[in-house]
Amino acid sequence: NTVSALAEAASGTSLQQRGSSVMRLPQTPPTLLPTCAALLSGCVLDVVLVSLMAPRAVLGGKAAALGQSVLQKWLAGVPSAAMEASIKGVKQYSLGSRFACLGVKFLEYSLAGITCGFIGQGVANSLMLLKRQIHGESEHDVAVPPLFKTALVWGLFMGVSSNLRYQAVFGLERAVDMTIAKRVPAIAYATTVAIRFVNNVIGGENFIDMARWAGVQ
């Protein structure tokens, strides 16, 4: 997880989302708050994604399952990741449960994206409006992004793009662990950094396209 966090921090996805305007902060300070909001939301969501994708420990066996509802029992049969390994006699996943995982993660990631997007953009919008009340409006001020629409874009981005990309990342890392990493363990760390770096670059481009399509950037 430490290697993953370093890789995702090094990629600077949120900074890339704001493009070259970030490099001109002294000339265009109004872009600072939206950039910080995207960066904060992205960092929180990275933690959420890694946590939700982590395999669950199985404790208690059949005894623990007796008090569960039908929905809880069904969810218990859904893997944390579509390509999570089955363990014979402990947890075995069918093809259907692996497809169900995509739907469950869509809902989880979308909810996380909407929540973090709403809070992050809400704070940024409040600070932008407060700054204009104190210092007055300027011709260099950027338009205040629509709060609810931006939050929905974050939800859509997380549920579709991030969901599918992280499923692919999980599968690629598992494939490396099962093959070349058995002979050269150090290769697992290098591939984790490389895969997650590329994943975040692609994610940044996806978010830009989605935000422009929705008209919030």
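Give the value in nm², to one decimal: projected area of the alpha carbon convex hull of region 115-175, averaged over all directions.
Values: hull surface 22.0 nm².
So the Cα hull casts an average projection of 5.5 nm².
In the structure shown, the pairs Lys91/Lys182; Lys105/Lys182; Lys91/Lys149 are assessed against 32 Å; a Cα-Cα span above that value is assigned to Lys91/Lys149. The slack in the chain from Lys88 to Ile180, taken as 0.36 nm per residue of separation less the alpha-carbon distance, amounts to 30.8 nm.
For region 131-141, 3J(HN,Hα) computed residue by residue from phi via the Karplus equation (6.51, -1.76, 1.60; θ = phi - 60°) reads 4, 6, 5, 7, 9, x, 7, 10, 5, 8, 5 Hz, glycine and proline entered as x.
What accessible area per residue, rounded to a whole number of Å², is obtained for region 123-212 using a probe radius of 1.4 Å? It would help to have the intermediate numbers written out before the result.
Working: 5150 Å² over 90 residues.
On a per-residue basis, region 123-212 sits at 57 Å².
The values are calculated or read from the model by the stated rules, or taken from the named source; none is laboratory data. Keep in mind that this is a model prediction, so the values were computed, not measured. Accessible surface is based on the protein model in full, side chains and every heavy atom, while ligands, DNA and RNA are left aside. Shrake-Rupley method; radii C 1.70, N 1.55, O 1.52, S 1.80 Å.
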